[in-house]
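The values are calculated or read from the model by the stated rules, or taken from the named source; none is laboratory data. Since the model is a prediction, treat every value here as computed from it, not as a measurement. Glycine also receives a Cβ, built like all others from the backbone with ideal geometry; neighbour counts cover every protein chain displayed.
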Amino acid sequence: MESTTQELYGKVMVTPRLVARWTSPADIQALPPVIEQMRALLLMRYERPFDSVGANLYRDGRDSVAWHGDHIPTSIVDPVVATVSLGQPRRFVMRPREGKTELALALGMGDLVVMGGSSQRTWLHAVPKVATAGPRISVAYRHSTG
């Protein structure tokens, strides 16, 4: 995992967590075995190829991800993003794009959150900063075809 940068509102900023991504067919073939086993089980359950995997390491309470919706191609009619949480619990919050926080979950070791249907286009989600927290990894499985 490594620090990455991203462009937000015309500025390049360091991502406040460590990130690893597997996005090509060769990357998917080289997934760590446990990550691949989870992907295979999710594929069977949700009937999606999950051809992109991303892992985020939240080292402590200072690491976070701001309100956002995942970038899903418009060609995908019914997108599914499945995220497995590993490590210490952290708050995961969701709200409608036009609204206040509606849902807050304390995701802990092995918890699974699946955002499907229109949720990626009509809702935002975040992992806010907290005063103290132990390390947590989120592993997100996405698909690029409908």
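Here are a few things to note about the model shown:
- Failed criterion for LEU31 (all others in (1) assigned to a loop (DSSP other than H, G, I, E, B); (2) within 12 Å of the chain's Cα centre (by Cα) hold): (2)
- Selection count where residues are of a type outside the set (A, V, I, L, M), in a loop (DSSP other than H, G, I, E, B) and more than 15 Å from VAL19 (Cβ to Cβ), scope the range 52-93: 11
- Restricted to strands (runs of 3 or more DSSP E) entirely inside the range 94-137, those with at least 3 residues that are in contact (Cβ under 8 Å) with a residue 40 or more places away in the chain and crowded, with 17+ Cβ neighbours inside 10 Å are 123-127.
- Condition check for LEU86: buried (at least 18 other Cβ atoms within 10 Å of the Cβ) and either in contact (Cβ under 8 Å) with a residue 60 or more places away in the chain or not basic (Lys, Arg) (or both): yes
- Look at (1) more than 20 Å from LEU42 (Cβ to Cβ); (2) touching a Pro at 6+ places or on another chain (Cβ under 9 Å); (3) of a type in the set (Gly, Ala, Ser) and you find that SER119 fails only one, number (1).
- Test: residue in the range 39-56 that is closer than 23 Å to THR132 by Cβ, within 14 Å of the chain's Cα centre (by Cα), surrounded by 16 or more Cβ atoms within 10 Å (Cβ to Cβ) and modelled with pLDDT of 90 or more: yes
This table checks each residue for (1) closer than 19 Å to VAL84 by Cα; (2) surrounded by 11 or more Cβ atoms within 10 Å (Cβ to Cβ); (3) modelled with pLDDT of 95 or more.
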site: MET1; (1), (2), (3): yes, yes, no
site: GLY10; (1), (2), (3): no, no, no
site: PRO25; (1), (2), (3): no, no, no
site: GLU36; (1), (2), (3): yes, yes, yes
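- Restricting the range 61-83 to residues that are loosely packed, with under 15 Cβ neighbours inside 10 Å and over 15 Å from LEU124 (Cα atoms), the residue that is modelled with the highest pLDDT: ARG62
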